[in-house]
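Here the structure comes first, spelled out in structure tokens, and everything after it is commentary.
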Amino acid sequence: MNGHSNGVNGDTHGDHTFERFADIPAVIDIPVRGEDGDEAVNLDLTELLDETDELCDLLENENAARNYWITIALAYAKQQKINIAIDILQKGLSALSRGRSEDRLSMLACLCWLYLHKCRKAPRVKPSQPSEEDGDRTKDHFLHAATSTLNDASRISPSYPPLFLARGTLYLLRASLQPSKLGPTGQEQSERTNTLKQAAKCFDDAYKTSQNKNLLAILGKAKAQFSLGRYPEALNLYQQTLERAPGMLDPDPRIGIGACLWQLGHKDNSKAAWQRSLELNENSKIANVLLGLYYLDESSQFSSNNPAFAPIYKKAMTVHTQTAFKLDSMHAMTCATFGGYFVLRKAWQNVERLARRAIEQADVNAVASDGWYLLARKEHYEGDLGKAAEYYGKADQARGGDEKGYLPAKFGGAQLKALMGDVDGAKFRLEKILSSATNVAGGKSLEAMTLLGILYAEDVYINQANGGKEDKSVEQTKAVGLLEQVRVAWKDPKRKASPDAAVLLNLARLYEAEQPDRALACLKQVEQIELDEIAEDDDRLPESIGDAVEEQRARRELVTPSLLNNIGCFHFHAGNYAQAREDFQVALNATVKLGERDSSADTDSLKTTCAYNLGRTCEAENENPQASDVYRSLLERHPEYVDAHARLAFINISASPSEGEQQIKQLMQSDPGNLEVRSLYGWWLHRSKKRTHQLNEDVEQRHYKQTLQSFDKHDLYSLTGMGNLNLAIAREMRRETDQDKDKRSKTYMRAVEFFDKVLSLDPKNAFAAQGLGIAVVEDRKDAASGIQIFSKVREALKGGSGSVHVNLGHMFAETRQWSRSIENYELALQKGLKEREGKPDPQILACLGRVWLLRGRQEKKLEAYKTSLDFSQQALEQAGEARVNFRFNVAFVQIQLAQLLITLPEAQRTSDDVEQASKGLDEAIEVFLDIARSPNPPFPRGDLEARANMGRNTMKRQLASAAERQGEYERKNATRLEEARRRREEEIKAREEEKRLAAEKAEDDKRKIREERERMAEEDRQLIQRRIEDDAAREAAEYTTDAETGERKKREKRVKAKGGGKRKKKNEDDSEDEGVADGTGDEEGGAGARKKKGRSRRAASSTPATGSDGEPAPRTKKKRRLEKRGQASRATAASSKFKSAEMVVEESDDEAADADAGLAPPGTQETSGAETPGPGASGEEGVGADEAMGNGVEDEDEGEGLARPSQRKRVGRVLDEDEDEEDEGEGEGVAMAMDVEEPVQGTTDDE
């Protein structure tokens, strides 16, 4: 306030302390008028009295200057006696009311700052415990006082520099009390924004009037920019302040730098800034609480079970937050942070006290919001939902509300709506949270998605409990979608979210009906979560564990038993009985151990359920003795357990029918109202009753009727049983007359009514749907509708019973789609193997025999009849006691087979077929007579006896006649048949021989191709070897070892060039020397030789001979053939100027003059290999060139023009563009090398 409020006057050194009230002296002398002249009263400013009337009277009587009033007031303010300081200034203003305006202006400015200081310390709202000093006065009171004082000062001098800084601070404090609001575009548009902008403008004015020296103005503008959300600009301003005043600690710009870096996502850098602030000022409460928040945020990255969590959380709370609280127990942010700790401890009294302090003392809306949120959490936990809703709303509004607001408070409000039963209101709030712009920016709230998904799931569960009367597919889709999004978010490493068992359990329940495999996967994931929570050294684990399997089993026994039981149920319904049995056994063991560890836990019901499920699994695995033992052990503990009695009776019906019958009757007598028992009794009646065609006389029908009338009119089993009974009766009714047909149709319609009633109660009841389809087909002969119905049932019963395949087989047989009918019967047969201990169902075998018989009749194929007979015989073997119908089927097929053989042509049958049919006919006749003598034959006795007599009297004789004709046919055609057989064998041998010859030819072709490839590969290898040798020879000829350095380098070829031997470059001066020395020192321009980089344009010529006048002789030409000069010239002129490794450079007659001028002649390509090479006079071609290079000979005798035959070949080469033609010194010619690829014979002009 005093000191450096107007800047540091350019001081940028780090040794400045920047302490508050640093310029207040310890003692002040107040001048007074005395008898002996001017005197002074010494006042100790370190020991001031609370009573100031005498002091103020002294100052007023002595007309003390304003600085005495201000200094004394600030001395009181330094000792935190702000009210006394304000009182002194107010009395000073009264005393100076008639003085100069400038004196009052300074005092008004000081008074304004004191009011602003009081505003910072005053409570935000009316305090719950008013203080003795200020009572219940809030921030608004002091803001109004500061505003009034500032206005008074502005009336005196609006441009007074200290007022700009005070006005900016006033705007900052006013903005802290104003809520923020988002506009339609998502940008903040509120009174708070305008206030902060005005504050920034005031700080700009203060900075400019101080000639850019006021650091507090920079800090004020930085605070305004930070509050506006302009974090990069605020960071820049804080950094400027720190650069200009590194010793400033109160306020500390490092705190602002850290806050900006935190908002920009650089949390580690913000920690470093706050840590540095704490190092410089170990009593900084702000730095301590901010570091505590940093470590709290870091601890949130770990699960509470993670070993890394506890040390970080402890450091956050005990090292930093607790220290900050000890330094200032009334600091708002510290109280809010500490309150969160006590929420976890459920110390609600401490939570309320700290939350109230945070609300009252906060000068930032976000901190006040945290305080309201703590109060809401407290009331929420204690059950006062009304107060909790109010506090959640205030916490949200303190941060802006609506689209901005405070997400945890919004979520808490949605939770309260759900608890108060307003599910629609909760959904609306949660959907608004998920769709808000602030939520999307930080990633959708997993908690909101979880709660919303569970609320939609609850709608589905309630509908299922009410019988599924409403369509909740939309809600189920939404629930699954939301919960699956949460599940996917667990895999995102950036979210650092841990899997939630509640989400997985709800997903499993939603998937249960439609996607049981996914439901099972969710339950398995929950099991894995619980297994991961079991420590390696858990005390509940046994001391000695065997192998990995035993260890896994021991750990699973510590998992929740109900979870293991549910996993076993899914395995059971999936047909995985072995795994289901393991799950139920482990669940049972886990329940027993849970009861041993916790005697207060109610484990009896869970133990009973697990044991019953274990028994059902043993039944499914056809281990009835073990299942019976399980049920008996259950009945020992719970003799009234009806389900165990029912299952035991069901098992005994197969093992001991009489005992099972007695048990079922006893069950009915003991609990006649139990629908499960009545269903079992109805099943037993259906199995054991005497068949009758009169529905009213049927005991099963009377039982179902009694159940529907007396116990439950909506019992699905009884309704389905009534439909099946009417269906069976209608199928057997007579249909000779129209009256009979009408009666039969009405019976079918009654069956349809029962099935339709079942489907109205349970739309997914497959048994009723199949019954409905059967009734429609049999009554209306509508096979197409039947196929459509059964196909839908088949899709609904994937992996279920094979009965739907049986019905589809019937339908396809009716429509004469034999292949599809057989396919469905075989599928039904495969599904029935599991239910019949691996034994085929005789009924389905009989159906297969029937369809093969019908197919054989249509196609007149003997093999189809034989297949039908085979299936019928298999059905008879599997039938057991109920053999009459199956014996009839076998006999009927045997008679049909005999009739077919009687009518078949001799070429389509054999004597063995006829003989076997004759034996089968004898057996069929005996079977028909035996069935006719049975008590309850399936057909009238007269019909059976008539068929047997027909077989004995007629068919037997016809079959014998057919056997004679077949034998005569086969004897007459034996030779022809033998000849046909021989021809077939010869044809087979010929085809085999053709195949053998073709294979041999193909093998020979492959061998030739292989040999050709080997020959070509050998040639390639030889060619490569020659190339390698040629490359080695060329390298040996072109490179040598440097005697000084020992490195490999190119050989240097020297020639004595003519005067014009060096080509003139483009744009060179004509007066420039163009020739190079020939090595003798007699040539003009020979001393002017110089280096030239580039591609060699010509080969080195022979050493020129000199003429009589001392001038160089004309340059010799290189010839490729021993031809006349004109022919060589024409050949050279016709050549092209391509650059190639296979080209050599030649000269024609016309090019000789160009060569003398230093121009390179064009190259020609020579492919002839018949000539022998001959060097020129200089020995630069053929062997001469090699010898000149190898022996270091510069040249041969001048004037020599005859060619010498070469003794070896050279491979042609062209110098690359980056090879240099170098001088060898003054008077030394340029060596230009050109080899030829093919052997050639050179000539000279002298020839």
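The values are calculated or read from the model by the stated rules, or taken from the named source; none is laboratory data. On a predicted model such as this, the values are computed, not experimentally measured, just so you know. When we count neighbours, we look across all protein chains shown, and the Cβ atoms used for this are built from the backbone with ideal geometry, even at glycine. Accessible surface is based on the protein model in full, side chains and every heavy atom, while ligands, DNA and RNA are left aside. Shrake-Rupley method; radii C 1.70, N 1.55, O 1.52, S 1.80 Å.
Listed by first and then second residue, the pairs linking a residue in the range 938-963 that is within 17 Å of Pro905 (Cα to Cα) to a residue that is in a helix (DSSP H, G or I) and open to solvent by 80 Å² or more (accessible area, probe 1.4 Å), with Cβ atoms under 9 Å apart and 6 or more places separating them unless they lie on different chains, are Ala962/Thr903; Ala963/Glu915.
Set side by side, the residues Pro232, Pro179 differ, and just one is open to solvent by 30 Å² or more (accessible area, probe 1.4 Å), over 25 Å from Ala368 (Cβ atoms) and touching a helix residue (DSSP H, G or I) at 6+ places or on another chain (Cβ under 9 Å), which is Pro232. For the range 734-777, give me each residue that is hydroxyl-bearing (Ser, Thr, Tyr), part of a helix (DSSP H, G or I) and within 24 Å of Thr692 (Cβ to Cβ). Passing the criteria: Ser745, Thr747, Tyr748.
The residues on offer are Thr337, Thr321, and the sole one that is in contact (Cβ under 8 Å) with a residue 40 or more places away in the chain and either among the polar types (S, T, N, Q) or closer than 20 Å to Lys271 by Cα (or both) is Thr337. Applying the criterion of at least 1 residues that are open to solvent by 50 Å² or more (accessible area, probe 1.4 Å) and touching an Asp or Glu at 6+ places or on another chain (Cβ under 7 Å) to the helices (runs of 4 or more DSSP H) found wholly in the range 515-599 leaves 577-597. For the range 488-514, a residue qualifies if it is assigned to a helix (DSSP H, G or I), more than 15 Å from Leu451 (Cβ to Cβ) and not hydrophobic (A, V, I, L, M, F, W, C), and the qualifying residues are Arg509, Tyr511.
Counting only helices (runs of 4 or more DSSP H) that fall entirely inside the range 247-343 and contain at least 3 residues that are under 23 Å from Gln225 (Cα atoms) and either of a type in the set (A, V, I, L, M, F, W, C) or open to solvent by 20 Å² or more (accessible area, probe 1.4 Å) (or both), the qualifying elements are 253-263, 267-280, 285-299. Among the residues of the range 80-104, just one is hydrophobic (A, V, I, L, M, F, W, C) and in a loop (DSSP other than H, G, I, E, B), namely Leu96. Within the range 411-433, can one find any residue that is touching a residue at least 40 places away in the same chain (Cβ under 8 Å), open to solvent by 50 Å² or more (accessible area, probe 1.4 Å) and more than 28 Å from Ser498 (Cα to Cα)? Within the range 411-433, not a single residue is touching a residue at least 40 places away in the same chain (Cβ under 8 Å), open to solvent by 50 Å² or more (accessible area, probe 1.4 Å) and more than 28 Å from Ser498 (Cα to Cα).
Right, Leu900: open to solvent by less than 30 Å² (accessible area, probe 1.4 Å), outside any loop (DSSP other than H, G, I, E, B) and outside the structural domain of Arg952 (by the TED database) or not? Taking the combined requirement at face value, the residue does not satisfy it. For the condition open to solvent by 30 Å² or more (accessible area, probe 1.4 Å) and either farther than 24 Å from Asn589 by Cβ or not assigned by the TED database to the domain that holds Ala590 (or both), Asp671 qualifies. If you filter the range 674-721 down to residues that are open to solvent by less than 30 Å² (accessible area, probe 1.4 Å) and polar (S, T, N, Q), you find that the one that is nearest to His645 (Cα to Cα) is Ser679. Select from the range 46-79 the residues that are more than 18 Å from Leu114 (Cα to Cα), among the charged types (D, E, K, R) and outside any loop (DSSP other than H, G, I, E, B) and list them in ascending order. Of everything in the range 46-79, those that are more than 18 Å from Leu114 (Cα to Cα), among the charged types (D, E, K, R) and outside any loop (DSSP other than H, G, I, E, B) turn out to be Asp53, Glu54, Asp57, Glu60.
Would you pick out the residues in the range 452-470 that are assigned to a helix (DSSP H, G or I) and under 16 Å from Lys764 (Cα atoms)? Scanning the range 452-470 gives Asn463, Gln464, Ala465. Going through (1) in a loop (DSSP other than H, G, I, E, B); (2) charged (D, E, K, R); (3) in contact (Cβ under 8 Å) with a residue 40 or more places away in the chain one by one, Arg137 falls short only on (3). Set side by side, the residues Ile82, Ile88 differ, and just one is surrounded by 22 or more Cβ atoms within 10 Å (Cβ to Cβ) and at pLDDT below 90, which is Ile88. Being among the hydroxyl-bearing types (Ser, Thr, Tyr) and within 18 Å of Ala962 (Cβ to Cβ) holds for only one residue in Thr867, Thr903, and it is Thr903. Filtered by the rule that a residue be open to solvent by less than 20 Å² (accessible area, probe 1.4 Å) and touching a Lys or Arg at 6+ places or on another chain (Cβ under 6 Å), the range 107-138 gives Met107, Cys119, Ala122.
For Ala775, the test of being surrounded by fewer than 23 Cβ atoms within 10 Å (Cβ to Cβ) and not charged (D, E, K, R) is failed.
If I filter the range 349-369 down to residues being part of a helix (DSSP H, G or I) and among the β-branched types (Val, Ile, Thr), which single residue comes out as surrounded by the most Cβ atoms within 10 Å (Cβ to Cβ)?
Taking the candidates together, the pick is Ile359.
Listed by first and then second residue, the pairs linking a residue in the range 696-722 that is within 12 Å of Leu675 (Cβ to Cβ) to a residue that is loosely packed, with under 13 Cβ neighbours inside 10 Å, with Cβ atoms under 6 Å apart and 6 or more places separating them unless they lie on different chains, are Phe711/Gly673. Close Cβ contacts (under 9 Å, 6 or more residues apart or on different chains) running from residues in the range 154-167 that are closer than 16 Å to Ser101 by Cβ to residues that are assigned to a loop (DSSP other than H, G, I, E, B) comprise Ser154/Tyr160; Pro161/Asn6; Pro161/Ser210; Pro161/Asn214; Pro162/Ser5; Pro162/Asn6; Leu163/Ser157.
I'd like to check something: does the range 852-871 contain any residue that is within 54 Å of the chain's Cα centre (by Cα) and among the β-branched types (Val, Ile, Thr)? Looking for residues that are within 54 Å of the chain's Cα centre (by Cα) and among the β-branched types (Val, Ile, Thr), one finds none in the range 852-871, hence no.
All of Lys781, Lys798, Lys741 fail the test of being modelled with pLDDT of 85 or more and either touching a Leu at 6+ places or on another chain (Cβ under 8 Å) or outside the structural domain of Asp517 (by the TED database) (or both), apart from Lys741. Looking at the range 390-401, can you tell me whether even one residue there is touching a strand residue (DSSP E or B) at 6+ places or on another chain (Cβ under 7 Å) and outside any helix (DSSP H, G or I)? Yes, because at least one residue in the range 390-401 is touching a strand residue (DSSP E or B) at 6+ places or on another chain (Cβ under 7 Å) and outside any helix (DSSP H, G or I). Within the range 195-239, the set of residues being under 18 Å from Val364 (Cβ atoms) and of a type in the set (Phe, Trp, Tyr) comprises Phe226, Tyr231, Tyr238. Residues of the range 370-384 that are farther than 16 Å from Lys346 by Cα and open to solvent by 40 Å² or more (accessible area, probe 1.4 Å): Asp370 alone.
Quick one: in the range 903-934, which of the residues that are among the small types (Gly, Ala, Ser) and more than 20 Å from Leu853 (Cβ to Cβ) is most open to solvent (accessible area, probe 1.4 Å)? Write out each step before concluding.
Taking the range 903-934 as the starting set, the residues that turn out to be among the small types (Gly, Ala, Ser) are 907, 911, 917-918, 920, 924, 932, 934.
Now restrict to residues that are more than 20 Å from Leu853 (Cβ to Cβ): 907, 911, 932, 934.
On the way: Ala907: 82, Ser911: 40, Ala932: 4, Ser934: 23 Å².
My answer is Ala907.
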